[in-house]
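The values are calculated or read from the model by the stated rules, or taken from the named source; none is laboratory data. Here the structure is a predicted model, which is why all the values come from computation and not from measurement. In this analysis, Cβ positions are derived from the backbone assuming ideal geometry, glycine residues included, and neighbour counts consider all displayed protein chains. With ligands, DNA and RNA removed, areas are computed over all heavy atoms of the protein, side chains included. Shrake-Rupley method; radii C 1.70, N 1.55, O 1.52, S 1.80 Å.
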Amino acid sequence: MDPQTQFCHNPDCPARGQTGQGNIRIHSRKEQRYRCLTCRTTFTGTAGTVFFRLRTAVDVVTVVLTLLCHGCPIQAIVAAFGLDERTVAAWQMRAGQHCQAVHEHLVAQGQVDLGHVQADEVYVKVAKGRVWMAMALAVPSRLWLGGVISPQRDLTLITTLVQMVRSCARSTALLVCVDGLSSYVTAFLRVFRHPVRTGRRGRPRLVLDAGFLMAQVIKQYAQRHIKSVVHRVVQGTTAAVTAALLTSGGGTVINTAYIERINSTFRGALTPLVRRSRAIAHKQATLWAGMWLVGTAYNFCWEHESLRVAAPGDAGRKGEQRTPAMAAGLTGHRWTLRELLSYQIPLPAWVAPKRRGRPPRPAKSLPESPDQ
């Protein structure tokens with residue numbers, strides 16, 4: 001137990017979310033509890049994690065969630081561990097909520113140099129119909145930028161996804177490659193505009209960054225087979241798009257191969273996405289939780305072969321393997337799934353409440369005595 005790595009989880013504490021301030025002490029080693037000297041409250045070491053107030057051992061929960069994000073059906077886990085199906089579903093939902101919070105805290109902070117983004121959507125069969133899952137990927141780092149699930153494949157779905165991409169981007173000067181869906185063009189051109197303020201009255205003009213490029217891959221089908229492929233430049237010039245492709249390592253022609261590859265990864269790791277399977281999702285929330293669990297584990301826990309870098313000073317080694325989060329500069333090591341599930345998101349800094357009513361009058365100074 002290390003009190004220096006813990007912070008107070010009390011939202012009313014002035015020292016909430018702050019580590020290394022000396023205000024945390026060990027309260028009980030047996031129960032793994034800490035005490036905050038500022039607000040005098042106690043909290044457990046698993047507060048703010050997936051394991052908070054779970055009666056099952058941490059190792060068992062970690063193994064179950066590891067199997068879930070590698071494509072193991074819930075029915076097989078129930079048969080192997082003797083757990084209740086509702087318990088496993090509750091763990092998956094809790095892990096999905098935690099992983100989304102980790103993603104928003106570490107990835108969606110506008111600090112990632114995206115360079116080249118690809119987006120696509122897939123349909124998923126559920127118990128009553130089907131839903132659409134739209135996702136985006138940064139090609140240079142293979143970083144998964146988030147996903148959205150909706151029953152309709154419309155502009156609202158695509159706009160929500162584009163807003164996720166915008167929240168991750170450090171700069172709007174990037175290349176975007178998508179398929180022929182027209183909603184992508186409308187959403188990206190709207191979300192990636194920024195106001196130009198001239199000091200005049202009225203609403204400022206919204207313009208795109210000079211380095212923003214966009215291209216489409218339009219596939220024409222005939223009897224469920226690709227008949228032809230059209231490469232279309234929406235924003236920018238063909239020479240600028242080709243140069244951006246070469247710089248980002250995304251090939252020599254306009255393509256969406258990288259996002260289609262991660263779609264295949266999700267189909268193999270998320271049970272409801274497996275084709276011709278009986279393990280479909282009965283609720284949209286279950287699919288949503290599994291998507292965030294797999295996507296965040298893909299970013300922080302799974303090493304990508306194409307991200308390997310050469311080992312310094314030793315030509316005989318294959319090189320150092322990296323995860324997408326390491327390639328994007330978000331972390332310096334590969335996380336284990338237990339480390340991901342145990343990550344504690346600090347609370348925002350405490351702000352003193354505003355004083356209501358009339359402000360107090362300043363104290364009047366006493367007149368000086370003539371003897372002084």
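Quick notes on this one:
- Residue check for Val217: in contact with a Lys or Arg (Cβ under 7 Å, 6 or more places away or on another chain), open to solvent by less than 50 Å² (accessible area, probe 1.4 Å), on the phi < 0 side of the Ramachandran plot and assigned to a strand (DSSP E or B): no
- Candidate set: the stretch 257-276, residues that are of a type in the set (S, T, N, Q) and touching a residue at least 12 places away in the same chain (Cβ under 8 Å); chosen: the one farthest from Pro140 (Cα to Cα): Thr271
- Candidates Asp113, Asp120 - the one that is open to solvent by 70 Å² or more (accessible area, probe 1.4 Å) and acidic (Asp, Glu): Asp113
- Restricting Phe7, Phe43 to those that are touching a Ser or Thr at 6+ places or on another chain (Cβ under 9 Å) and either surrounded by 16 or more Cβ atoms within 10 Å (Cβ to Cβ) or on the phi > 0 side of the Ramachandran plot (or both) reduces the list to Phe7.
- Residues satisfying the stated conditions in the stretch 162-180, i.e. over 14 Å from Ala244 (Cβ atoms) and among the polar types (S, T, N, Q): Gln163, Ser167
- Condition met for Trp144 (modelled with pLDDT of 95 or more, of a type in the set (Phe, Trp, Tyr) and not in a helix (DSSP H, G or I)): yes
- Restricting Ala352, Ala325 to residues that are buried (at least 19 other Cβ atoms within 10 Å of the Cβ) and either modelled with pLDDT of 90 or more or not in a helix (DSSP H, G or I) (or both) narrows the list to Ala325.
- Any hit, the stretch 129-137, residues being part of a helix (DSSP H, G or I) and surrounded by 15 or more Cβ atoms within 10 Å (Cβ to Cβ): no
- Every residue from the stretch 19-36 that is more than 32 Å from the chain's Cα centre (by Cα) and open to solvent by less than 70 Å² (accessible area, probe 1.4 Å): Ile26, Ser28
- For the stretch 267-281, a residue qualifies if it is open to solvent by 40 Å² or more (accessible area, probe 1.4 Å) and within 20 Å of Val148 (Cβ to Cβ), and the qualifying residues are Arg267, Ile280.
- Pairs linking a residue in the stretch 231-247 that is more than 19 Å from Ser183 (Cβ to Cβ) to a residue that is small (Gly, Ala, Ser) and not in a loop (DSSP other than H, G, I, E, B), with Cβ atoms under 6 Å and 6 or more positions apart or on different chains, are Val241/Ala215.
- Options Ala76, Ala90; residue that is open to solvent by 10 Å² or more (accessible area, probe 1.4 Å), assigned to a helix (DSSP H, G or I), within 15 Å of Thr271 (Cβ to Cβ) and free of Cβ contacts under 8 Å to residues at least 12 places away in the same chain: Ala76
- Scan of the stretch 147-159 for residues that are of a type outside the set (A, V, I, L, M, F, W, C) and outside any helix (DSSP H, G or I), ordered by number: Gly147, Ser150, Pro151, Gln152, Arg153, Asp154
- Number of residues in the stretch 139-155 that are open to solvent by less than 10 Å² (accessible area, probe 1.4 Å), in contact with a strand residue (DSSP E or B) (Cβ under 6 Å, 6 or more places away or on another chain), more than 17 Å from Leu287 (Cβ to Cβ) and touching a residue at least 40 places away in the same chain (Cβ under 8 Å): the value is 1.
- The listed residue being more than 31 Å from the chain's Cα centre (by Cα) and closer than 23 Å to Pro346 by Cβ, out of Thr62, Thr41, Thr49: Thr41
- Total residues in the stretch 251-266 satisfying the condition of being open to solvent by less than 60 Å² (accessible area, probe 1.4 Å) and small (Gly, Ala, Ser): the figure is 2.
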